[in-house]
Amino acid sequence: MNTSTLDLLKARYACKAMNGQKVEEEIIERILEAIRLAPTSSGLQPFEVFVITNQEVKEEIKKIAWNQQPIAACSHLLVFAAWDDYTPERINYMFDLTNDIRGFKNEGWEAYRQQLLSLYGGQNAEANFQHAARQTYIPLMSAMTQAIEEGVDSTPMEGFDPVALDKILGLREKGLRSTLLLPIGYRDVEKDWLVNLVKVRKPMDHLVTRVD
Ligand SMILES: Cc1cc2nc3c(=O)[nH]c(=O)nc-3n(C[C@H](O)[C@H](O)[C@H](O)COP(=O)(O)O)c2cc1C
């Protein structure tokens, strides 16, 4: 029987200690493809991903990220960085790309382009960044799900100083701001205190309200 998405969601956990073992590049490529395929608001994909394998850079990041073990003991450290603003160039790039790939222009689509240019143009950069930052949580989930399907562990992380990380990677100069870390690697079963603990989730009736 094929593994279902629910099986993968049950198997995934936020790995607390990794063992330094390398993950094959083909697996990393498929995890990155899962990120690329994630949906985003208006399809703008307002973020970039940095893949860090340089051990010195990982150690430097660990220091500004609560000293979390997986950052240095992972194989590949992914850094999600959102656009610092929605500029006309960035919006137009995605609309032009869509027209190029689909091979036609559409009146409704062009009207939507103008609507977005006006919407984001009317908001300040911070509000636009906050919107872009929210989009990065969607590919984060795609990446974690693909990773566990590949038999690889990961740890979603907001526990770091984003201003310091932006400096380490020179993100502000690129018009980006860091939002999330995702170390990818293999669990260290001896050191990982979470590995054998039961997953805790609130019951359905605390989560879902049906309006029939
Ligand atoms: C956006 C986000 C940020 C998180 N930040 C951290 C973090 O900095 N360090 C950490 O060890 N876990 C972090 N976690 C993991 C959560 O604590 C964990 O997902 C949650 O307790 C549920 O446990 P599970 O993922 O093992 O099922 C984060 C999770 C998410 C979704």
- [ ] Evaluate the distance, in nm, between pseudo-label points positioned 7 Å from the Cα of Arg172 and of Leu6 along their respective Cα→Cβ axes.
- [x] 4.8 nm
Task: Separation of the Tyr112 and Glu24 label points, Cα + 7 Å toward Cβ, nm - done: 3.8 nm
Task: Cross-link pairs Lys10/Lys202; Lys16/Lys58; Lys22/Lys167; Lys22/Lys202; Lys63/Lys202; Lys58/Lys167 - those with Cα-Cα distance over 23 Å - done: Lys22/Lys167; Lys22/Lys202; Lys63/Lys202
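Using Cα pairs closer than 8 Å and at least 6 residues apart in sequence, work out the relative contact order for the chain, in percent.
Working: 319 pairs, mean separation 76.6, N = 212.
Computed over the chain, the figure is 36 percent.
Can you work out the FRET efficiency for the pair Gln130 and Ala164, with r the C-beta to C-beta distance and R0 = 25 Å, to the nearest 0.05? Could the numbers behind the result be given before it?
On the way: r = 20 Å, r/R0 = 0.78.
The formula returns an efficiency of 0.80 here.
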TODO: Sort out the exposed loop chymotrypsin sites (Phe, Trp or Tyr not before Pro) in the chain (DSSP loop, at most 13 other Cβ within 10 Å) and tell me the longest stretch that has none.
DONE: 105-192
Open item on the list: Please list, by residue number, every one of the trypsin sites (Lys or Arg not before Pro) in the stretch 3-55 that is coil in DSSP and has at most 15 other beta-carbon atoms within 10 Å.
Closed with: Lys22
Open item on the list: Run the simple label-point estimate for Thr98 and Glu59 please: 7 Å along Cα→C-beta, distance reported in nm.
Closed with: 4.7 nm
- [ ] Round to a whole angstrom and tell me the spacing of the C-alpha centers of the stretch 95-167 and the stretch 36-81.
- [x] 15 Å
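Readers should treat all values here as calculations from the given coordinates under stated rules, not as data from a laboratory. Worth saying up front: this structure is predicted, and the values here are computed from it rather than measured. Neighbour counts run over all protein chains shown; Cβ positions are idealised from the backbone, glycine included.
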